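Trainee: Just dropping this structure here.
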Amino acid sequence: TLQTSHVTMRVRDVGSAARTLVFACDMPMMIEHHAELFSLLRADFRVLCVELPGLGFSRPAPGFDFSLISQAAAVREVLEQLSVRDCVLAFSCVGAYLAVLLAHELPHIVKGVVLMQAGVWEAQLRWARRIDFGGRGVVATPYLGQVTVSCFSRSIAKSWIRSALGRKELRAELSQTSDSGLVAGANWALASLTQSYFGRSAPAFHPVQQDSLLVWGARDRTHRKTDPSSALAYLPRGRLVRFERAGHFPEIEEPEEFARLMRSFAT
């Protein structure tokens, strides 16, 4: 773990190459879900994987506001403490917007950006509303959302993996790993994140000037109404890469294909 100004951040750091790949976990996926990806990439890259504040075992201090700006600041402190000098950010879903912010703030460090399963902000807002208990807005409601997620996090995780996963044969394994983490005390501040991210105006997203990719798992049923290419609006130097067998977690569902893509992109 690393201590930032407002968060105790859980991080895994493997490999020792000059270029670093930085992943941010998309709950209910945690660091443990990335084990195969670490094995495939550590010979070619230094690989960092962080659990964002309020997710997994990264624990924010009381009063942390869960905003995009605060989350990006926590990741920036991790990069500074670990002396990262040349990196590609590979962030997924709502965490992808942190990569867009950090690419603008840290152009001397961030040399490339990979966004996974992310739509343009307006599309992501509609998506968040759709998946919130069938549009009923339970998670987005202060206090009710926090209590609901706290009481039913394990069943919510299993249901989410069932809906979002493209490769059904991985369902049991990924669900078991998530469940073990939640039983062991992992955080899932889903309600606080939803309310903070989508309950206020979005920050300004500057176009990413670095080379970039938008990776899309085609079998993600939760995103069936989202235009896979919409986030290219943030990536003037980007291109869309579809993973036809994967769902919401292409880097975990298709680690070998994703690793090949990262080697090609980073060089």
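Trainee: Need one word for the range 133-263: rounded, prolate or oblate. Basis is the Cα gyration tensor (sqrt eigenvalues a ≥ b ≥ c); a/c below 1.5 gives rounded, then a/b vs b/c decides. Walk me through the numbers before you get to the answer.
Mentor: Numbers: a/c = 2.04, a/b = 1.24, b/c = 1.65.
Oblate, since a/c reaches 1.5 and b/c is not below a/b.
Trainee: Calculate, in nm to one decimal, what residue 81 and residue 32 gain on full extension: separation in residues at 0.36 nm each, minus their alpha carbon distance.
Mentor: So the extension gain works out to 15.4 nm.
Trainee: While we're looking at this one, here's another question. Grab the DSSP H runs of the chain that are 4 residues or longer, score each as -39,500 (n - 2.57), total them, divide by all residues and round the 222 nm result to the nearest 500 deg cm²/dmol.
Mentor: -11500 deg cm²/dmol
Trainee: If you don't mind, another one. Treating only the Cβ atoms of Lys and Arg (+1) and Asp and Glu (-1) as charged, compute the dipole magnitude of the chain about its Cα centre; round to the nearest 20 debye.
Mentor: Here the size comes out at about 560 debye.
Trainee: Amide H neighbours of residue 114 under 5 Å, counting only residues 5+ apart in sequence or on other chains, H built in-plane at 1.01 Å?
Mentor: HN-HN under 5 Å from residue 114: 89, 90, 91, 213.
Trainee: For the chain, what does the relative contact order come out to in percent, with C-alpha contacts under 8 Å and a separation of six or more?
Mentor: Taking the mean separation of contacting Cα pairs over the length of the chain, I get 21 percent.
Trainee: Give the dimensionless ratio obtained when the Cα radius of gyration of the range 1-53 is divided by 2.2 N^0.38 Å. Kindly include the intermediate steps, with their values, before the conclusion.
Mentor: Working: Rg = 11.3 Å, N = 53, 2.2 N^0.38 = 9.9 Å.
Expressed relative to 2.2 N^0.38 Å, the Cα Rg reads 1.14.
Trainee: What residue among 64, 249, 91 shows peak mean-square fluctuation when the chain is described by a Gaussian network model with Cα springs under 10 Å?
Mentor: Answer for the Gaussian network model of the chain: 64.
Trainee: Can you compute 3J(HN,Hα) from phi for each residue in the range 12-26, using the Karplus curve 6.51 cos²θ - 1.76 cosθ + 1.60 with θ = phi - 60°, rounded to whole Hz and x for Gly and Pro?
Mentor: Along the range 12-26, the couplings run 10, 10, 10, x, 9, 6, 5, 8, 10, 9, 10, 10, 10, 5, 10 Hz.
Trainee: Could you work out how far the C-alpha centroid of the range 108-162 sits from that of the range 80-99, in angstrom?
Mentor: 20 Å
Trainee: Just order 140-147, 230-237, 48-55 by mean Cβ neighbour count inside 10 Å, highest at the front, would you?
Mentor: Going by the mean number of other Cβ atoms within 10 Å, highest first, we get 48-55, 230-237, 140-147.
Trainee: Next question, about the same structure. Report, as a whole number in µm² per second, the diffusion coefficient that Stokes-Einstein gives for the range 62-192 at 10 °C and 1.306 mPa s using the Kirkwood radius over alpha carbon pairs.
Mentor: Rounded, D is 95 µm²/s.
Trainee: While we're looking at this one, here's another question. So how do 158, 225 rank on accessible area, 1.4 Å probe, biggest first, that is with the largest at the start? Don't jump to the answer; show the numbers that get you there.
Mentor: Values: 158 95, 225 150 Å².
Correct descending sequence by accessible area is 225, 158.
Trainee: Here is a further query. Can you give the charge dipole size of the range 5-130 about its Cα centre, rounded to the nearest 20 debye, using +1 on the beta carbon of Lys and Arg and -1 on the beta carbon of Asp and Glu?
Mentor: 120 debye
Trainee: If you don't mind, another one. Could you point to the label whose value was computed as percent of Cα pairs over 31 Å apart for the structure here, given [x] 34; [y] 30; [z] 16?
Mentor: [z]
Trainee: In whole Å, largest first, what are the principal axis extents of the Cα atoms in the range 17-115?
Mentor: 40, 30, 23
The values are calculated or read from the model by the stated rules, or taken from the named source; none is laboratory data. Not measured: the values here are computed from a predicted model. A quick note on method: Cβ atoms are made from the backbone with ideal geometry, for glycine too, and the neighbour counts reach across all protein chains shown. Quick note on the areas: whole protein, heavy atoms, side chains included, nothing else; ligands and nucleic acids left out. Shrake-Rupley method; radii C 1.70, N 1.55, O 1.52, S 1.80 Å.
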